[in-house]
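The values are calculated or read from the model by the stated rules, or taken from the named source; none is laboratory data. Just so it is clear, the model here is predicted, and its values are computed rather than measured. Positions of Cβ are backbone-derived with ideal geometry, glycine not excepted, and every protein chain shown enters the neighbour counts.
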Amino acid sequence: MKGACAALLFALAAPIGANAQAPHPFAASGTIELAFTPGDRIDRLVIAAIDDAQQEVLVLAYSFTDRSIARALVRAQQRGVRVRVVADREQARALPQNVLADLVAGGVEVRVDGNFAAAHNKVIVIDADSPHATTITGSYNYTLAAQRNNAENVIVLRDNPQVARAYRDNWARRHAAAESFAPTSSP
């Protein structure tokens, strides 16, 4: 039994994700914009970035209940931008006011990720292959509570395709592991 306990303790102390890559530094380029709630209109900042998208918008969302951001994604899809969302499966189940069904009804591909205790990313990648690529990330969930009630932050990295491609690659891994969201049944 002692050997089994020692093996368990060793396994618990070992780094998580033996296949994980070391962090990679990226050259600073473009502009960085920061916003914070309460006070700043992060929702408007996110919507404006989506409205500027030309080719593709990729979203990783934990909680997603903000209808104005959802409408911006649907507008982008309708003007020919490829929009795809990966959301946390448990939040999709737990929040009846989520906007995932609205996104699907607007032609947006939605998948749900249930592979972790929480798919807690809050990321939007816009036009990763463009010199004007934009990456938005931070603590801000795409919810009214995040805008109105919480202390949240975002960082918007513009004109840095290298960073956008790294986030896009992570999005692709989450997308590949996720399952289709079906609005008429439980996610």
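Below is a table of values for the structure above.
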| quantity | calculated |
| --- | --- |
| Which numbered condition GLN91 fails, given (1) surrounded by 22 or more Cβ atoms within 10 Å (Cβ to Cβ); (2) polar (S, T, N, Q); (3) within 26 Å of ILE32 (Cβ to Cβ) | (3) |
| Condition check for ILE126: of a type in the set (Val, Ile, Thr) and surrounded by 16 or more Cβ atoms within 10 Å (Cβ to Cβ) | yes |
| Residues being buried (at least 22 other Cβ atoms within 10 Å of the Cβ) and over 11 Å from ALA61 (Cα atoms) - total across segment 129-149 | 6 |
| Lone unmet requirement of (1) closer than 20 Å to ALA164 by Cα; (2) surrounded by fewer than 21 Cβ atoms within 10 Å (Cβ to Cβ); (3) touching a strand residue (DSSP E or B) at 6+ places or on another chain (Cβ under 7 Å); (4) touching a residue at least 60 places away in the same chain (Cβ under 8 Å) for VAL46 | (2) |
| Enumeration of residues in segment 67-94 that are at pLDDT below 90 and over 17 Å from the mean Cα position of the chain (by Cα) | ARG93, ALA94 |
